[in-house]
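Enquirer: Please see the structure below; I have some questions.
Laboratory data are not the source of any read-out in this text; all were calculated from the coordinates shown. Owing to the predicted nature of the structure, the values given are computational and were not obtained by experimental measurement. Neighbour counts are summed over all protein chains in view; Cβ atoms, including those assigned to glycine, are modelled from backbone coordinates with ideal geometry.
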Amino acid sequence: MKTSNFTLLGIFMIMTVFTLSTTSCSSDDGPTVNITVNEGPSGDIGGDFTGNGGNGSRTINWTNNLATADYNADITSSATGTFVMTVADANGTVVLERNLVGGTEPDSFSGVTSAGEPGNWTVTITLSSFNGDGSYSLSAGN
């Protein structure tokens, strides 16, 4: 039996249209955030963060042998979103919770945490609908 090229081409086109119409693809271009740690977990700790409208958080375990910590955060480029830094001491008591809102002043903060229990502290960086970039750092206080 002889099949014409026209029939084969028609079947191929129908299969292609059907395959394309039933295949779903995930979007890799959706909103994301990235929170990095450039130094630590002993001594100074710090990193960078970026986002294109996404949400996310990162918790870092940090050894602080003193009762306080010096902190700094700066949004270097942001139109929208929120950056939050939360620091808890070795007992889990929150000794710092500060935030920055994109597109408003101030665009940075720094200072000394409340006194806490020395040992293994946690630092949580949270970005919500964040669009921009910035950096953060902590070091053992006095």
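Enquirer: Give me a comma-separated list of calculated 3J(HN,Hα) values for the range 127-140, in order, Karplus coefficients 6.51, -1.76, 1.60 applied at θ = phi - 60°, integers in Hz, x for any Gly or Pro.
Expert: After applying 6.51 cos²θ - 1.76 cosθ + 1.60, I find 10, 10, 6, 7, 10, x, 8, x, 8, 9, 7, 9, 9, 4 Hz.
Enquirer: At 7 Å along the Cα-to-beta-carbon direction for both Thr82 and Ser139, put a label point, then send me their distance in nm to one decimal.
Expert: In this crude spin-label approximation the distance works out to 3.0 nm.
Enquirer: In nanometres, what is the gap between the two model label sites at Asn91 and Asp74, each 7 Å from Cα along Cα-to-Cβ?
Expert: Once both label points are built, they end up 3.5 nm from each other.
Enquirer: Label point 7 Å out from Thr59 along Cα-to-Cβ: which residues of the range 110-142 have amide N under 16 Å?
Expert: Taking a point 7 Å out along Cα→Cβ of Thr59, the residues of the range 110-142 whose backbone N falls under 16 Å are 120-127.
Enquirer: Also, I was wondering about something else. Sorted by packing (mean other beta-carbon atoms within 10 Å per residue), highest first, where do 96-107, 112-123, 129-140 land? Intermediate results must be reported in sequence, preceding the final value.
Expert: On the way: 96-107: 14.8, 112-123: 17.3, 129-140: 20.2.
Highest-to-lowest ranking by the protection proxy: 129-140, 112-123, 96-107.
Enquirer: Still on this structure: Give me the one-decimal nm value for the distance between modelled label points at Val112 and Glu39, 7 Å along each residue's Cα-to-Cβ direction.
Expert: 2.0 nm
Enquirer: Near the amide H of Thr68, under 5 Å away, which other amide H atoms are found, from residues 5 or more places off or on another chain, if H is placed in the peptide plane?
Expert: Gly116, Gly141, Asn142
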